[in-house]
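The values are calculated or read from the model by the stated rules, or taken from the named source; none is laboratory data. Here the structure is a predicted model, which means the values were calculated and not measured. Here Cβ is always computed from backbone atoms with ideal geometry, including for glycine, and neighbour counts include all displayed protein chains. The protein model used for the area step is the full one, side chains on, heavy atoms only, and it has no ligands, DNA or RNA in it. Shrake-Rupley method; radii C 1.70, N 1.55, O 1.52, S 1.80 Å.
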Amino acid sequence: EEVLWDMTDDPCASAYLQAILLSQEGDDASLKWIIPGLLGCAPPEDAPDGELLADLSSDDMKALMQSRSGSHLLEVIVRVAPRTLGAEIWRRFFRDKLMSISKHPVANFVLQSVLGSSKDPAVVASAVSELSALFGTLLYENRAGVIAALLAACLRLKTNEKDCCKALARGVTFKLEKKNANNATAADGTHNEEGGGGSRKGGKSQLARALLFLGNPPHGRCSVLGAAMMQTLAKYP
């Protein structure tokens, strides 16, 4: 036990701990003991659901989430956690903190795992509410994986599809406008005639094409994430 926390930040040891978690998937009683232990907690035996991680500091969880090896372990933890423990993890360490998590180059993958494994529509609805205003920024800063995971979660749990679509349309429009504004002004501050334009061109929407290519040249390769999001949208009501 005294070396568990160090193991979470070691690539090989972290992979071993992930294997232990996966071997216990579905055994809620076992995971309610193992997961707090891996996170450095020792809840009393009579601790009620929702209080198993009361001793885990936000700073320790943040450090783990932003560590390359630790984040991989957390991805597995949120995927196999019993529903009540998963709800506690969301409430304590994700809710109301999604802006910084979604923009972090490592921690955003943990958030994607949370969204991809959640069975609780309330968690997804909360994420849509908190992230919808950030879609444009996430697309512009190449954090589209979070949006793709949220779109897929809405589809899987049949919740907030329309809200997520509206947020995506606004986000793609924001990215188009930012890109066109950058193109319209050359490095010396002079106007570039090739710039301009927005979400409509010649009376036609440019949103689908902009999403499919996600900033790549319109005749280049489609974006993997953009194409994945288009496939998800095709299955929406």
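If you go through segment 156-176 and pick out every residue that is within 15 Å of the chain's Cα centre (by Cα) and touching a residue at least 60 places away in the same chain (Cβ under 8 Å), you end up with 1. Once segment 102-122 is narrowed to residues that are surrounded by 22 or more Cβ atoms within 10 Å (Cβ to Cβ) and either touching a residue at least 60 places away in the same chain (Cβ under 8 Å) or of a type in the set (Val, Ile, Thr) (or both), the residue that is nearest to Ser223 (Cα to Cα) is Val110. When Ala181 is tested against (1) open to solvent by 30 Å² or more (accessible area, probe 1.4 Å); (2) within 21 Å of Arg200 (Cα to Cα); (3) at pLDDT 95 or above, exactly one condition is not met: (3). Scanning segment 148-167 for residues that are touching a helix residue (DSSP H, G or I) at 6+ places or on another chain (Cβ under 6 Å) and of a type in the set (A, V, I, L, M, F, W, C) returns Ala148, Ala149, Leu150, Leu151, Ala152, Ala153, Cys154, Leu155, Leu157, Cys164, Ala167.
Considering the conditions (1) of a type in the set (A, V, I, L, M); (2) more than 17 Å from Val114 (Cα to Cα); (3) surrounded by fewer than 13 Cβ atoms within 10 Å (Cβ to Cβ), Leu22 is excluded by exactly one of them, (2). Taking the condition open to solvent by 50 Å² or more (accessible area, probe 1.4 Å) and either of a type outside the set (Ser, Thr, Tyr) or touching a Lys or Arg at 6+ places or on another chain (Cβ under 8 Å) (or both), does Ala133 pass? Criteria met by Ala133.
The rows are residues; the columns are (1) under 22 Å from Leu214 (Cβ atoms); (2) among the hydroxyl-bearing types (Ser, Thr, Tyr); (3) touching a strand residue (DSSP E or B) at 6+ places or on another chain (Cβ under 8 Å); (4) at pLDDT 95 or above.
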site	(1), (2), (3), (4)
Phe109	yes, no, no, yes
Ser113	yes, yes, no, yes
Ala125	no, no, no, yes
Phe135	yes, no, no, yes
Ala148	yes, no, no, yes
Ala152	yes, no, no, yes
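Taken across segment 5-19, residues that are touching a Gly at 6+ places or on another chain (Cβ under 7 Å), surrounded by fewer than 17 Cβ atoms within 10 Å (Cβ to Cβ) and in contact (Cβ under 8 Å) with a residue 60 or more places away in the chain do occur, with at least one present. Residues that are within 20 Å of Ala153 (Cα to Cα), surrounded by 14 or more Cβ atoms within 10 Å (Cβ to Cβ), of a type outside the set (Gly, Ala, Ser) and over 14 Å from the mean Cα position of the chain (by Cα): does segment 92-101 have at least one? No, segment 92-101 contains no residue that is within 20 Å of Ala153 (Cα to Cα), surrounded by 14 or more Cβ atoms within 10 Å (Cβ to Cβ), of a type outside the set (Gly, Ala, Ser) and over 14 Å from the mean Cα position of the chain (by Cα).
For segment 45-83, a residue qualifies if it is over 22 Å from Asn108 (Cβ atoms) and open to solvent by less than 60 Å² (accessible area, probe 1.4 Å), and the qualifying residues are Ala47, Gly50, Leu52, Ala54, Pro82. Against the numbered list (1) surrounded by fewer than 17 Cβ atoms within 10 Å (Cβ to Cβ); (2) under 23 Å from the mean Cα position of the chain (by Cα); (3) modelled with pLDDT of 85 or more, Asn216 comes up short only at (3).
Kindly provide the set of residues from segment 154-178 that are outside any helix (DSSP H, G or I) and either surrounded by 18 or more Cβ atoms within 10 Å (Cβ to Cβ) or among the β-branched types (Val, Ile, Thr) (or both), ordered by number. Write out each step before concluding.
First, the residues of segment 154-178 that are outside any helix (DSSP H, G or I): 158-160.
Selection gives Thr159, Asn160.
Being of a type outside the set (A, V, I, L, M, F, W, C) and more than 12 Å from Ser117 (Cβ to Cβ) is the filter here; which residues of segment 61-81 pass it? Lys62, Gln66, Ser67, Arg68, Ser69, Gly70, Ser71, His72 - these are the residues of segment 61-81 that are of a type outside the set (A, V, I, L, M, F, W, C) and more than 12 Å from Ser117 (Cβ to Cβ).
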